[in-house]
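The structure appears below as structure tokens.
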Amino acid sequence: MSATLLIFCKQPKLHHGKQRLAATMGAETALQIARALLGCALEDAKSWSGNVVLSPSTERDVNWARSMSPEAQVIAQPEGNLGERIRVVDQQLREAGHKNIVIIGSDAPILSSAYYEAAISALERSDIVFSAASDGGVTIMASKRGWPEMQDLPWSTEKLNAALYQCCTGENLSVSYIQPSYDIDHEPDLKKLMIDLKDDPRPARQVLLQLIESIFEKENSYA
């Protein structure tokens with residue numbers, strides 16, 4: 001089964017995105033991490049065997065997104081909260097002929113081909129597939145049917161995963177889960193990631209790992 005990879009992303013900017021990291025590590029450090037995290041998502045895009053779509057957060061960032069991945073299609077996110085933006089962009093792709101769509105953000109570098117292959121395989125038996133994140137959210141949203149209305153769900157909270165499940169099953173969509181995962185929102189997430197990326201050979205992951213190690217080494221030297 002082939003699938004389209006849809007990446008929702010923000011252009012990394014100072015004081016824009018990763019604010020929970022910035023609160024404890026500083027804005028400059030959060031920006032460095034955001035850039036490295038995006039690099040990991042783009043690394044996955046380069047190795048994707050099917051269609052790839054980048055969806056930047058605003059129309060102003062379309063040219064930036066095109067420069068990040070010239071091979072990818074670019075569709076800017078519309079107005080609205082994340083649930084509505086996902087639904088609208090997904091619908092646009094389905095109207096253009098895309099059928100199986102795997103949605104990720106740019107803050108879960110633990111994701112790998114094993115996760116993607118599991119999600120695509122699970123779509124053969126389910127309408128919707130999630131990878132549940134350790135913070136109560138999700139890192140993968142895959143589907144072979146359009147999403148229901150999701151604007152009223154508790155996005156960016158620990159209740160999102162459960163709410164997504166109830167929303168989808170309430171619309172008679174079958175839901176499956178693949179192996180759980182996590183994204184990077186807080187400083188402790190980075191410490192866990194350092195361990196998990198030690199043996200990951202992917203170049204962008206190694207760049208991220210070296211960045212995280214250097215940040216903590218610098219912090220320890222000031223302690």
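Working note: 222 nm ellipticity from helices only, DSSP H runs with n ≥ 4, each -39,500 (n - 2.57), summed and divided by the residues of the chain, gives -14000 deg cm²/dmol to the nearest 500.
For Ser67, Ser113, the sequence from fewest to most other C-beta atoms within 10 Å is Ser67, Ser113. Computed from Cα atoms, the angle from the helix 203-222 axis to the main principal axis of the chain rounds to 40 degrees.
Note: relative contact order over the chain, using C-alpha pairs below 8 Å and six or more positions apart, is 21 percent. Panel order for Asp107, Asp199, Asp61, Asp185, by other beta carbons found within 10 Å of each beta carbon, from fewest to most: Asp199, Asp185, Asp61, Asp107. Of all DSSP beta bridges confined to the range 4-222, the antiparallel ones make up roughly 40%.
For the range 78-178, DSSP calls about 75 percent of its internal beta bridges antiparallel. Note that the range 67-81 has calculated 3J(HN,Hα) couplings of 5, 6, 8, x, 7, 8, 7, 10, 10, 5, 6, x, 5, x, 6 Hz, one per residue in order, obtained from phi through the Karplus relation 6.51 cos²θ - 1.76 cosθ + 1.60 (θ = phi - 60°); glycine and proline are x. Using θ = phi - 60° in the Karplus curve 6.51 cos²θ - 1.76 cosθ + 1.60, the 3J(HN,Hα) couplings for the range 190-196 round to 5, 5, 5, 5, 4, 5, 6 Hz; x is entered for Gly and Pro. Sort out for me the Cα centre separation of the range 109-150 from the range 21-38, rounded to whole Å. One Cα centre to the other: 26 Å.
Checking (i) 18.4, 66; (ii) 17.0, 55; (iii) 16.4, 52 against Rg and Dmax of the Cα atoms in Å calculated from these atoms, the matching label is (ii). Neighbours of Leu173 by Cβ distance under 12 Å: Lys/Arg scored +1, Asp/Glu scored -1, total 0.
Only the coordinates and a few stated rules stand behind these numbers; no lab work does. All figures in this text were calculated on a predicted structure; none of them were measured in a lab. For neighbour counting, all protein chains shown are included, and Cβ atoms are generated from backbone atoms with ideal geometry for every residue, glycine included.
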